[in-house]
Every structure is written in structure tokens, then in C-alpha cells.
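Asker: Sending over a structure as C-alpha cells; questions will come in a sec.
The values are calculated or read from the model by the stated rules, or taken from the named source; none is laboratory data. Note that the structure is a prediction, hence the values are computed from the model and not measured. For neighbour counting, all protein chains shown are included, and Cβ atoms are generated from backbone atoms with ideal geometry for every residue, glycine included. Note: accessible area is taken over every heavy atom of the protein model, side chains too, but ligands, DNA and RNA are not part of it. Shrake-Rupley method; radii C 1.70, N 1.55, O 1.52, S 1.80 Å.
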Amino acid sequence: MQQGNNGQTPQGDADGRGAAGTPRAPAVPRGGARPPLQAGPAPFAPTRRLLALTLGDERFALDIGVVREVLDFGDLTRIPRMPAYVRGVVNLRGAAVPVVDLRTRLGMGSVARTVHSRIVIVEAPALPEAGGGITLTGALADAVREVIEIDAAAVEPPPRMGTPVPAEVLAGIFRHDGRHVLLLDADRLFDDEEPAGSPVSPAADGRPHSRAARVPDMPDAPDTPDAPDTWNRAAHGGGGGA
């Protein structure tokens, strides 16, 4: 071993570096055990993006993945033989889209036309006998509040009792801003069957209702003015749900 000028073995600097200026390895306790590694950052919790809306005094939400856009409550054209909860159709860039009054559908009265009422255009899978693909339905609400993002774990199963709407149209319940919000199940909300507890309104000719998202036999859709867009998913970076 080489010695320094004073005959002593070179010592490291006081900052823990060796004589050659290289960092020293951390001390290993007796027995060969090394210090435990520090845990890294916790993984991100999955989230859900939802469109919050209002029906009466109650708060509801739809998964943003099924929402295409939001329109002002413009003029609607009535169509014969439609259920009472279908307020009419709106011309959406040449397509006749039926508009469902969510309050009537859920047995909560009806939506009045105000400066706050909106039509939410919802995408749903088409029935196999209709050729598959995607159908559009307008969901009429008293107001659309905002797009919110919550932890997916915050959504709990819907209660079977004590809700203002039939439980079978609910996908869950969660709290936001100190209030309970009911998450609607779009597939059940617009299916053929009337939710339990909602008013049944047969068609005038006694024929069974068709799916709300389908307008029967409309080769010449009424030429109503296009409703102005107030929100659309593509422009706001909306993505899928869970």
C-alpha cells in the first residue's frame, strides 16, 4: 500500500469521498443485509369522466364516453305513434334524432323550456335487427352543469330503495361537492322497457313502443332547423369511461 508524504495512509475527504475523489459505497451492516429500498410514488388511481346534469332538484350524471355533444333546447318536430316521453325529433346535420324527456321517462314530470335546458346527444348500440352500429338519442334535461372527473372507486352500487328514480336505470351513486349524484345507465335508460315506477304511456294506436333511439320509417325527415351546438366531445377531448 502506498503511503502519503507523512507516512500515513491517505484518508478520504470529510464529505465521504475517497482519496481518488470517488464516492464511497454505503456502509453495509453486519450480516450482509442492505438498507431497504425506499418506495416509489403510488400508482395513479383510475378515474371516470362524467357529464353532470340536473333534473328538478336532483343531480344526475352520464358517462362522458356515451355523450357525443350537447345542444340548446331548440324547436322539435312531433312524430306520430311515439311514446309520451319522446318530445319529438331534432334535425342533427340531416339526421332525425329522437329527443327523450328524461323527467317524463323517469316519472319526474317534464322538462320546461328555459335558458338552462339542454339536449344531450347520447350514443347507444343499435339493435341487431336494425343492422347494428350506433344510434343517437337526445336526452332532454333541465340543465347541464359541467364535466367532472372522479375516482372510479368513489362510485358505489346504486341503492335498491330510497332513490327518486327506478333503481334499474342507475349505474351507481357517488358524492360530489357535498351532494349525492346518481349515475345513469344509458343502455337501460333508452331501452324498450319502461322503468318500474315510471308512467306507462302506450302509443295511440295500441302498438308496442319501438326503441327510443329509433324513429320508425322516416324516409322524408321533417326539415327542422339544426340546433346550435353548445358542447361536443371531440372539441373538449372527451374520452371513454371506466
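For (1) in contact with a Phe, Trp or Tyr (Cβ under 8 Å, 6 or more places away or on another chain); (2) among the hydroxyl-bearing types (Ser, Thr, Tyr); (3) open to solvent by less than 60 Å² (accessible area, probe 1.4 Å); (4) over 16 Å from Asp187 (Cα atoms), each residue gets a yes or a no:
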{"position": "Gly94", "(1), (2), (3), (4)": "no, no, no, yes"}
{"position": "Val120", "(1), (2), (3), (4)": "no, no, yes, no"}
{"position": "Leu127", "(1), (2), (3), (4)": "no, no, yes, no"}
{"position": "Thr135", "(1), (2), (3), (4)": "no, yes, yes, no"}
{"position": "Ala141", "(1), (2), (3), (4)": "yes, no, yes, yes"}
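Asker: Do we have Ala186 as farther than 22 Å from Ala84 by Cβ, surrounded by 14 or more Cβ atoms within 10 Å (Cβ to Cβ), among the small types (Gly, Ala, Ser) and modelled with pLDDT of 90 or more here?
Answerer: So Ala186 does not fit the description; no.
Asker: Tell me, please, whether a residue that is assigned to a loop (DSSP other than H, G, I, E, B), modelled with pLDDT under 95 and among the hydroxyl-bearing types (Ser, Thr, Tyr) can be found in the stretch 69-87.
Answerer: Yes, the conditions are met somewhere in the stretch 69-87.
Asker: Could you list, in sequence order, the residues of the stretch 147-162 that are on the phi < 0 side of the Ramachandran plot and surrounded by fewer than 16 Cβ atoms within 10 Å (Cβ to Cβ)?
Answerer: Glu149, Asp151, Ala152, Ala153, Ala154, Glu156, Pro157, Pro159, Arg160, Met161
Asker: Follow-up question, since we're still on this one. Residue by residue through the stretch 120-144, note down the ones that are farther than 19 Å from Val165 by Cβ and part of a strand (DSSP E or B).
Answerer: Passing the criteria: Ile121, Glu123, Pro125, Ile134, Thr135, Leu136.
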